[in-house]
Each structure stands twice: as structure tokens, then as C-alpha cells.
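S.K.: Starting off with a structure, shown below.
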Amino acid sequence: MQCSDAREGISSRLDGEVPPPGDLDAHLAGCSDCREWADDAARLRRVPATLAGEVDRPAPVTPVAPPRGGTLGLGLGAFAALAVVVAVLATQGASRYTINGDTYPGALTSYGAGAGRLIATLAAAVTLGAIAFGVFRTAVQDTGDVGLRGYLAHRLAHRATRVWAVVSILMVPLSAADTSGQNLVDVWRYGGLWATIGASETAKGWFVSFVAAVVVLVGLGNALSWMAHLWLLLPAGLGVLAAVVTANEAQGPRHDYTTAALMALALTTAVWLGGLWAQAVVPWRDERRWTGVVFAVIALGYGAVIAVVMAPGSDLTETLYGRLVSAAGVLVALAGLLQWLRRTVPATVVLTVAAGVAIAASELTPPSFLVRRFTIGEVMLGYDVLDPPSVGRFLTLWRWDLNLVPLAVLLAGGYVWLVRRAGRRGVDTIQWPWYRTACFLFGCAALVVLSSSGVNTYATVAFSVHMVTHMLMTSLVPVFLLLGAPVTLLRTTLAPQWLERVLDSRSFAVLMRPAVQILLFALTLYGLYLTPLYDRIGRYHWGHTGIYLAVLVTGFLFYWRVFQIDPVPHRLPFIGRVGMLLAMMPISMFFAIIVMTMNGLIGPRLYQYLDVPWMTDLAHDQFVGGVVAWACDEAAIALVTVGLVLHWAWQSAREEESDDLV
């Protein structure tokens with residue numbers, strides 16, 4: 001019997017349930033960690049007001065038992081959310097299909113798709129939020145495994161993931177039939193199911209969500225370490241996003257704004273909702289009251305963006321869609337207030353119902369879709385680019401990225417706050433170099449410019465401009481961020497325990513190996529552009545956001561290893577760091593040559609469907625993109641290499657001066 005199975009059995013036995021098969025007592029006799037865990041669990045049942053070792057912040061806190069009625073409240077909230085969705089579907093009937101020119105697919109398909117979407121979305125949100133709660137809000141054992149409260153959150157996430165996986169795979173055929181206006185039984189009977197699924201972006205999104213759920217389920221079933229749970233946040237978050245980026249709110253004019261808002265709203269609400277579910281069933285401490293207010297403000301801000309674009313003006317009050325969106329906003333604000341008042345169960349119920357109201361609204365056609373026909377640019381990009389690029393348009397055609405700009409602002413604000421905090425430490429005052437602050441802020445500013453200025457506006461329609469953005473995101477932004485030594489500053493000022501666990505972990509050591517870094521760089525470059533991947537995801541705003549985040553992370557990790565300003569495992573000598581840079585040159589050079597000489601186009605459907613009037617030669621634009629990729633990457637690597645050589649010479653001179661003085 002493994003430790004995870006044993007702890008499942010201990011919890012079941014204490015709850016009065018039948019433990020899983022296996023010799024639990026024999027395992028306890030031979031495993032001291034599980035015996036200690038069982039003693040802690042039994043003590044918790046006897047004295048629920050005492051949780052030894054769970055205080056991980058300076059202010060004294062009083063742990064308490066799970067709130068009364070937590071499980072019942074969660075059930076009532078989920079039932080109320082489902083009732084809202086069913087009621088909206090019943091009142092709208094066939095009209096929500098005919099208004100778009102589709103036929104009514106029948107009650108089974110219509111109600112099944114709506115109810116399944118709610119259940120799978122709630123289960124995915126609970127999974128992500130419960131894992132995040134266990135990672136960031138519970139103590140960790142000396143062995144590196146999650147503690148008692150973390151394990152109980154783990155169990156909640158594991159159960160929710162099972163529901164998520166089952167319902168999401170059912171949503172693949174259901175959503176395909178629903179979005180095409182066909183009865184699922186008829187589609188299956190006449191052999192058109194696979195063709196219907198292949199033509200449905202919503203069905204593909206649910207399949208990706210299912211794959212993510214399976215990955216999380218396998219991870220939760222085989223690992224109890226804190227680091228494993230931290231890694232599982234990645235597939236859990238991707239699974240949540242995959243189910244929402246194909247919603248109505250991610251389509252039509254200005255969907256670059258609404259898609260970004262929808263992604264941020266989905267992640268924020270999922271972490272908040274899942275954390276509340278965990279607090280409602282897990283013995284908990286008094287959480288900081290302002291967390292609910294912060295979550296509510298973020299959710300309301302991004303929700304307001306969606307409301308303004310999808311239901312402008314009087315549509316917000318005169319249409320059912322607008323009234324449902326408004327009601328969801330009121331419920332979110334109420335949930336934040338209830339959490340401020342430390343009313344965990346009511347806050348959880350209200351937020352669950354708010355999720356149901358929002359999903360019910362998303363089942364309807366937004367009023368802005370019924371005003372006029374969309375252009376091809378509005379369908380694929382959210383906007384039209386009618387004029388050729390120029391310096392003036394690069395500087396003036398701004399479209400703010402609602403994901404990356406807030407990220408840059410948050411990074412810059414947090415960095416400045418840490419610098420100020422470092423300067424207020426009394427006798428241990430840290431004189432943080434001004435040039436490091438300047439470098440980091442410049443990197444944040446570069447991220448804003450590349451993601452939101454006219455450069456990014458044209459990057460979606462011209463491959464050559466896209467390669468400028470890609471290469472600068474890979475080199476310029478990470479280089480200046482790392483010159484600010486953000487990890488060192490964070491360790492010096494706050495010294496968070498989670499950061500030390502990450503830096504000391506085996507997975508981080510593997511990730512920072514030079515061979516792994518070079519492989520990641522090559523896979524990102526070749527795998528994205530020399531496969532059909534870019535053509536498939538480049539047509540969507542979420543695809544461009546994912547590309548930017550991928551190249552940012554890849555570049556950040558690579559140059560983190562090269563600079564070694566921040567802590568790294570097994571520091572490389574100077575010659576090894578230069579060798580990493582030299583190894584990158586042929587990778588980017590061969591990529592550029594392939595791009596410049598290949599017969600086909602990269603992203604043919606994207607650029608051919610857009611059919612921008614001023615883009616008359618796609619092959620030439622791709623050739624220019626290859627030149628840009630070669631020039632930008634080689635220049636960046638050359639400059640960093642020269643910088644390393646100069647720094648090595650300066651350091652050697654200082655060491656020689658020290659030897660002469662001795």
C-alpha cells in the first residue's frame with residue numbers, strides 16, 4: 001500500500017467510511033510518516049480548535065474547525081447554479097438558436113450541453129482553486145509533502161477532477177451538436193459525429209480540457225509532494241482556459257479585449273471559488289479578509305470589460321443577456337463582502353450561484369452580435385488593419401493587452417515596493433543598485449510596448465512584424481528583467497518559503513540544465529513555426545497571448561542560466577555560459593534559412609483568409625521575417641556574449657588587484 005492510499009484510508013476510517021482495500025494497519029506499522037499523519041488527523045477530530053504547526057505567518061491566528069453546514073451549503077449553491085442555467089434555457093427554448101439561423105437541436109442536446117458546461121466548469125474551477133489553496137495557504141511537512149490541511153484540499157481537488165474529466169469528455173459530442181444546431185442522437189445515428197466534432201472549435205476546446213483533467217487526475221493520484229502540486233497548477237489552469245476561450249464572449253468585434261478579459265476572469269474566479277470550496281470543507285484558519293475583496297475587484301473589472309463590449313448602452317438593462325451579466329456582477333460583489341465579513345459558507349454559495357448566472361448568460365447570443373455583419377478582420381482579430389505599417393502607425397495604433405499589460409504593471413509595482421522595503425530595514429539597510437531597478441522597469445516597459453503598441457497590432461497580420469515581436473520578447477524583455485535580479489531581491493526582502501522550495505527542488509535543477517534550456521528554445525522556435533501549430537492558434541487572440549508567454553518564459557529561463565545573477569543550481573563557469581550562447585547561434589541561423597528558402601507559407605490560412613489589401617506578397621513578407629529573426633536573435637546573443645566577456649575581464653582585474661594588495 002502506498003502512502004497516498006494509506007492516508008486516504010485513514011481519512012475514511014476517521015470519517016466512519018469503509019477504507020480502500022489494502023492492509024492499512026500493516027502499512028502504519030512500517031511507516032513512521034503515516035503514523036504521525038494519522039496521529040495529527042485523530043488529534044484534529046478530537047480537538048478541532050488546535051492545529052499544531054499550521055501557523056506560517058507572524059501574526060497569531062486561531063485555527064478553527066470546518067464551518068458548519070459547509071458541505072450542505074456547497075450542494076445548495078451548485079443546485080441553485082444549475083437551476084439558473086436550466087431556467088434560462090427553458091425560457092429561451094428554440095429562440096436562442098433561431099436568432100442565429102440555426103435549428104433547435106432538441107431538449108437532450110440543448111439541456112445536456114448547458115448543464116454539462118456548468119458542471120464541468122465548476123469542477124475545473126474547484127480543482128484549480130483547491131490545488132492553489134493547498135499550495136499557498138497550508139503548511140508543508142519536513143519531507144516536502146503537503147500537510148494535513150493540504151492533503152484534505154488535495155482530496156477535494158481529486159474528487160472534483162474526476163467529475164471534470166467525465167463531464168468534459170461528454171461535452172465534446174454534446175457541444176459539437178449544440179453549436180451546429182443538430183440533434184446528438186441523429187448525428188450519431190447517421191454517422192456524422194466525427195465530422196461535426198472536427199468542425200466545432202468548442203468541441204476541440206472541451207477535448208483539450210479533458211486531456212488537462214486526465215493529466216491532473218493522474219498527478220493527484222500519484223503524488224503528495226508540494227512541488228508536484230505546484231506543477232499541477234499549470235495543466236489545471238490550461239484546462240480551465242480551454243473551456244472558456246471558445247465562448248461567445250471570445251468572438252466578434254473587439255474580441256481581443258473580451259478574450260483577454262475572459263481568460264483573466266476565468267482564472268481569477270476559479271482560484272477564488274475553489275479556495276472558498278476548500279475553506280468550506282477543510283479545517284481552516286482565519287484568512288486575510290481582504291483577499292475576497294481583491295478577487296472581487298479583479299473579477300468585476302474584467303467583467304465590466306465584457307459587459308461594455310457585449311451589451312453596450314441600454315442593452316445592459318433591456319436584454320436578458322445584459323440583466324444576467326449585471327446580476328452576476330452583483331453576486332460577485334456580494335461574495336467579496338461576505339468573505340470580508342468572514343462568512344465563508346454564504347460567500348461560497350453566492351459565488352457558485354454567480355458562476356451559474358454568468359454561464360447562463362454565455363449560453364445566449366450577446367446583443368452586440370445582432371447589430372451588423374462582421375468583417376473578416378473583426379472575426380479573426382477583433383479589428384481591421386486597413387493601412388500599411390509605418391513608424392507613425394507603430395507609435396499610435398495602440399490596443400491594450402489586458403493580460404500582459406496588467407502583468408507588467410504588477411511586476412513593476414511589486415519590484416519598486418520590494419526596493420523600498422529593502423531600504424527600510426534599519427541598520428541592515430540594503431543599498432539596492434539603482435541600475436538594477438532601471439533595467440527591470442525598462443524590461444516591464446518593453447513588455448507593454450511589444451504587447452500593446454502598433455507593433456503588436458501589425459504583428460497579427462504580417463509575419464515579418466510578428467517575428468520582430470517574437471524575437472524581442474525572447475531576448476530584450478527577459479534580458480532586462482533579469483539584469484534587475486528580481487529573484488535575489490525577493491529572497492533578500494521577503495524570503496518566502498515557497499521560493500526556497502522551488503529553488504531547492506529537483507525539478508528546478510533539471511529545468512535549469514543547459515541542455516534542457518537549449519532544447520526548450522529549439523522546440524519553441526521550430527515546433528511553433530515549422531509545424532501546423534502556428535496556423536491553428538495564430539488565428540485567435542488567446543493563441544498570440546500563449547505564444548508571447550511561451551517565448552517570454554523560454555527566454556527568461558535561458559538567460560537566467562546564462563547570467564547567473566539570481567541563484568541557480570550548479571553554477572556554470574564562464575566558458576560554459578559563453579558556450580550556451582554560441583550553441584544558440586546555429587539554431588536560430590538554420591531556422592532563419594529554412595524560413596527564407598521554404599516553398600510554402602507559415603500560417604497560410606491565417607494570412608490568406610485575412611487578405612489584407614496592402615499585403616500583396618506573402619512570400620516576400622515571410623522572407624523578411626526570416627531575415628528579421630536571424631538579425632534580431634544573432635544581435636541579441638552577440639551583445640550578451642560581449643557583455644559576459646567584459647564582465648569576466650572586469651571581475652578578473654578586480655581579483656588581480658585584491659591579490660596584489662595581499
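S.K.: Criterion first (closer than 15 Å to residue 174 by Cα, of a type in the set (Gly, Ala, Ser) and open to solvent by 10 Å² or more (accessible area, probe 1.4 Å)) does residue 144 satisfy it?
M.R.: Values: closer than 15 Å to residue 174 by Cα: no; of a type in the set (Gly, Ala, Ser): yes; open to solvent by 10 Å² or more (accessible area, probe 1.4 Å): yes.
So residue 144 does not fit the description; no.
S.K.: Need pairs with beta-carbon distance below 6 Å; first residue closer than 14 Å to residue 460 by Cα and assigned to a helix (DSSP H, G or I) and within segment 382-400, second modelled with pLDDT under 90 and acidic (Asp, Glu); sequence gap 6+ or separate chains.
M.R.: Cβ pairs passing all conditions: none.
S.K.: Of 510, 477, which residue is open to solvent by 40 Å² or more (accessible area, probe 1.4 Å), of a type in the set (Val, Ile, Thr) and in contact with a helix residue (DSSP H, G or I) (Cβ under 9 Å, 6 or more places away or on another chain)?
M.R.: Working: 477 fails: open to solvent by 40 Å² or more (accessible area, probe 1.4 Å).
From the options 510, 477, the qualifying one is 510.
S.K.: So which residues in segment 253-306 are among the charged types (D, E, K, R), farther than 26 Å from residue 376 by Cα and out of contact with any strand residue (DSSP E or B) (no Cβ under 8 Å at 6 or more places or on another chain), if there are any at all?
M.R.: Residues satisfying the conditions are 287, 288, 289.
S.K.: Condition (residue is under 30 Å from residue 378 (Cα atoms), open to solvent by 70 Å² or more (accessible area, probe 1.4 Å) and not in a helix (DSSP H, G or I)) applied to segment 207-218: is it met by at least one residue?
M.R.: No; the residues of segment 207-218 include none that is under 30 Å from residue 378 (Cα atoms), open to solvent by 70 Å² or more (accessible area, probe 1.4 Å) and not in a helix (DSSP H, G or I).
S.K.: Here's a follow-up. Looking only at residues that are open to solvent by less than 20 Å² (accessible area, probe 1.4 Å) and part of a helix (DSSP H, G or I) in segment 280-295, which one is modelled with the highest pLDDT?
M.R.: The extreme case among them is 292.
S.K.: For segment 262-279, how many residues meet the condition of being at pLDDT 90 or above, buried (at least 22 other Cβ atoms within 10 Å of the Cβ) and of a type in the set (S, T, N, Q)?
M.R.: So the answer is 1.
S.K.: Output the number of residues of segment 302-361 satisfying the condition of being without any contact (Cβ under 8 Å) to a residue 40 or more places away in the chain and among the polar types (S, T, N, Q).
M.R.: Total satisfying the criteria: 3.
S.K.: Another question, then. Show the residue pairs meeting these rules: Cβ distance below 6 Å; 6+ apart or different chains; first residue within segment 474-498 and at negative phi; second residue among the hydroxyl-bearing types (Ser, Thr, Tyr) and modelled with pLDDT of 90 or more.
M.R.: From segment 474-498, the pairs are 478/559; 479/559; 482/559.
S.K.: Picking from 174, 170, 156, which residue would you name as being over 28 Å from residue 542 (Cα atoms), open to solvent by 20 Å² or more (accessible area, probe 1.4 Å) and either touching a residue at least 12 places away in the same chain (Cβ under 8 Å) or not hydroxyl-bearing (Ser, Thr, Tyr) (or both)? Lay out the reasoning, then the answer.
M.R.: On the way: 174 fails: over 28 Å from residue 542 (Cα atoms); 170 fails: over 28 Å from residue 542 (Cα atoms).
After ruling out the rest, the residue left standing is 156.
S.K.: Right, here's the next one. Given the residues 106, 112, which is the only one that is under 23 Å from residue 207 (Cβ atoms), touching a residue at least 40 places away in the same chain (Cβ under 8 Å), of a type outside the set (D, E, K, R) and touching a Leu at 6+ places or on another chain (Cβ under 6 Å)?
M.R.: Working: 106 fails: touching a Leu at 6+ places or on another chain (Cβ under 6 Å).
Of 106, 112, the one residue that is under 23 Å from residue 207 (Cβ atoms), touching a residue at least 40 places away in the same chain (Cβ under 8 Å), of a type outside the set (D, E, K, R) and touching a Leu at 6+ places or on another chain (Cβ under 6 Å) is 112.
S.K.: Residue under question is residue 568, and the condition is that it be assigned to a loop (DSSP other than H, G, I, E, B) and under 30 Å from residue 495 (Cα atoms); does it hold? Steps first, answer last, please.
M.R.: Values: assigned to a loop (DSSP other than H, G, I, E, B): yes; under 30 Å from residue 495 (Cα atoms): yes.
Judged against the criteria, residue 568 is a match.
S.K.: Given the criterion assigned to a helix (DSSP H, G or I) and open to solvent by less than 20 Å² (accessible area, probe 1.4 Å), identify the matching residue among 203, 195.
M.R.: On the way: 195 fails: open to solvent by less than 20 Å² (accessible area, probe 1.4 Å).
Going through 203, 195 in turn, just one is assigned to a helix (DSSP H, G or I) and open to solvent by less than 20 Å² (accessible area, probe 1.4 Å): 203.
S.K.: For residues in segment 230-261 being over 21 Å from residue 373 (Cβ atoms) and touching a His at 6+ places or on another chain (Cβ under 9 Å), which is modelled with the highest pLDDT?
M.R.: Filtering segment 230-261 for residues that are over 21 Å from residue 373 (Cβ atoms) and touching a His at 6+ places or on another chain (Cβ under 9 Å), the one modelled with the highest pLDDT comes out as 260.
S.K.: I've got another one for you. Name the one entry in 376, 359 that is touching a Leu at 6+ places or on another chain (Cβ under 7 Å) and open to solvent by 40 Å² or more (accessible area, probe 1.4 Å). Walk me through how you get there before you give the answer.
M.R.: Values: 359 fails: open to solvent by 40 Å² or more (accessible area, probe 1.4 Å).
Only one candidate qualifies: 376.
S.K.: Being open to solvent by less than 20 Å² (accessible area, probe 1.4 Å) and assigned to a helix (DSSP H, G or I) is the filter here, so list the residues in segment 362-373 that pass it.
M.R.: 362, 367
S.K.: Could you list, in sequence order, the residues of segment 344-377 that are of a type in the set (Phe, Trp, Tyr) and out of contact with any Pro (no Cβ under 8 Å at 6 or more places or on another chain)? Even if it seems obvious, please write down each step before you answer.
M.R.: Filtering segment 344-377 down to residues of a type in the set (Phe, Trp, Tyr) leaves 369, 374.
369, the sole residue that qualifies.
S.K.: Could I ask something else about it? Out of segment 523-578, which residues are open to solvent by 20 Å² or more (accessible area, probe 1.4 Å), basic (Lys, Arg) and closer than 24 Å to residue 486 by Cα?
M.R.: Passing the criteria: 571, 577.
S.K.: Among the residues of segment 429-447, is any in contact (Cβ under 8 Å) with a residue 24 or more places away in the chain, touching a Phe, Trp or Tyr at 6+ places or on another chain (Cβ under 6 Å) and within 30 Å of residue 140 (Cβ to Cβ)?
M.R.: Yes, the conditions are met somewhere in segment 429-447.
S.K.: Tell me, which helices (runs of 4 or more DSSP H) wholly within segment 458-525 include 1 or more residues that are among the β-branched types (Val, Ile, Thr) and closer than 30 Å to residue 422 by Cα? Can you show your working first?
M.R.: Numbers: elements: 463-474, 476-483, 486-493, 497-503, 506-511.
Answer list for segment 458-525: 463-474, 476-483, 486-493, 497-503.
The values are calculated or read from the model by the stated rules, or taken from the named source; none is laboratory data. Please read all numbers here as calculations on a predicted model, not as lab measurements. Cβ sites come from the backbone with ideal geometry, for glycine too, and all protein chains shown count toward neighbours. Calculation scope for accessible area: heavy atoms of the full protein, side chains included, ligands and nucleic acids excluded. Shrake-Rupley method; radii C 1.70, N 1.55, O 1.52, S 1.80 Å.
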